[in-house]
Amino acid sequence: GQESHRGISSGINAEYGVVEKIHRENQVEPLKGDLFVQDERSGGFPDIWARPHTCGSIQITIHFVCNMFLYFGVFMLIPEMMSGNYCSLDMFFQSTKVDENSCTVYSDAEYLFLIVIILAGLPGMVAGAWIADCVGRKPGMITSIYAGAIFTGLLGLCINNYITYIELFCCVFFYTAYNQILWIYTPEFYATYMRGTAIGVQNGIGKLGAAGGTFLTTYLVSMKVEYAIYCFIAVQLVACATVLFMRRETQGQALQDRRATEESPIVSGDAHVTNYGTE
């Protein structure tokens with residue numbers, strides 16, 4: 001009946017009663033209509049860096065930069081390793097040629113290998129989402145970063161070409177899993193009123209890591225392939241350290257807009273909420 005219409009929890013019913021009491025005391029007829037919360041906060045760029053989101057936003061920014069550095073960097077590293085015959089990677093391929101315009105020409109077998117490596121990202125996405133739900137967002141990120149760092153380090157050992165193929169596949173797999181978990185964590189960290197802006201800003205800043213990974217990888221490989229591998233490991237250590245300092249785990253937690261709805265005065269009709277729950 002009327003009581004169930006006014007809220008779905010005792011907390012909402014109690015707050016609705018407070019609103020009705022204020023109306024009676026002021027001899028104002030209570031508003032009619034469905035209950036809703038209208039959030040009038042702006043969600044602008046400054047809100048992302050304002051308290052209480054300051055530390056978390058900085059940490060997420062570091063993750064986006066590191067992840068895109070690794071993801072785009074590894075796709076620059078693989079062709080360079082193939083064309084440079086690193087660890088005898090051209091054993092199963094025809095020789096990479098350079099045409100009259102000094103452009104590198106890959107064989108059909110090399111293109112097939114690159115496609116297979118790129119497709120390693122698909123199971124990485126699925127595994128990332130599964131890991132995030134099973135062990136949590138922060139443990140999932142640590143797991144994928146550590147695993148990626150291990151396989152990246154093994155690339156530098158150049159044990160043999162068969163193992164190198166597997167290591168490259170695993171690197172792409174775990175870099176993509178890391179990316180997937182990061183994209184799960186980020187929307188859950190921010191409240192609804194700023195979520196879209198925050199994701200766009202973080203993704204945009206992360207493109208700096210993509211550009212850095214592309215150009216720096218090419219530059220380091222021109223000197224020595226191992227230098228690029230060491231750089232990848234250093235970036236993953238930075239990402240891992242950042243996870244350790246992240247205080248908030250979002251798995252199984254109520255989103256901030258829900259908490260604001262449940263903890264703030266609830267009104268009806270055309271009124272809106274001006275007192276929001278805190279983080």
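Overview of values
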{"read-out": "Residue count, segment 186-226 (criterion: outside any helix (DSSP H, G or I) and in contact (Cβ under 8 Å) with a residue 12 or more places away in the chain)", "value": "2"}
{"read-out": "Odd one out for Phe92 among (1) modelled with pLDDT under 90; (2) closer than 21 Å to Phe215 by Cα; (3) touching a helix residue (DSSP H, G or I) at 6+ places or on another chain (Cβ under 8 Å)", "value": "(2)"}
{"read-out": "Members of segment 162-181 found to be more than 25 Å from the chain's Cα centre (by Cα) and open to solvent by less than 10 Å² (accessible area, probe 1.4 Å), listed by number", "value": "Thr164"}
{"read-out": "Number of positions in segment 207-247 that are open to solvent by 50 Å² or more (accessible area, probe 1.4 Å) and under 19 Å from Asp133 (Cα atoms)", "value": "2"}
{"read-out": "Pairs where the first residue, in segment 122-150, is farther than 17 Å from Pro187 by Cα and the second is open to solvent by 30 Å² or more (accessible area, probe 1.4 Å), C-beta under 6 Å, 6+ apart", "value": "Gly124/Phe173; Ser144/Phe174; Ala147/Phe174; Gly148/Phe174; Ala149/Ile233"}
{"read-out": "Residue match in segment 62-80 (condition: open to solvent by 70 Å² or more (accessible area, probe 1.4 Å) and either of a type in the set (D, E, K, R) or modelled with pLDDT under 85 (or both))", "value": "no"}
{"read-out": "Failed condition for Ile131, given (1) of a type in the set (Val, Ile, Thr); (2) farther than 27 Å from Arg248 by Cα; (3) open to solvent by less than 60 Å² (accessible area, probe 1.4 Å)", "value": "(2)"}
{"read-out": "Any hit, segment 103-120, residues being closer than 29 Å to Ile60 by Cβ, at pLDDT 90 or above, open to solvent by 70 Å² or more (accessible area, probe 1.4 Å) and within 32 Å of the chain's Cα centre (by Cα)", "value": "no"}
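The values are calculated or read from the model by the stated rules, or taken from the named source; none is laboratory data. Remember, it's a predicted structure, so these values are computed and weren't measured experimentally. In this analysis, Cβ positions are derived from the backbone assuming ideal geometry, glycine residues included, and neighbour counts consider all displayed protein chains. These area figures cover heavy atoms from the full protein model, side chains too; ligands, DNA and RNA do not enter into them. Shrake-Rupley method; radii C 1.70, N 1.55, O 1.52, S 1.80 Å.
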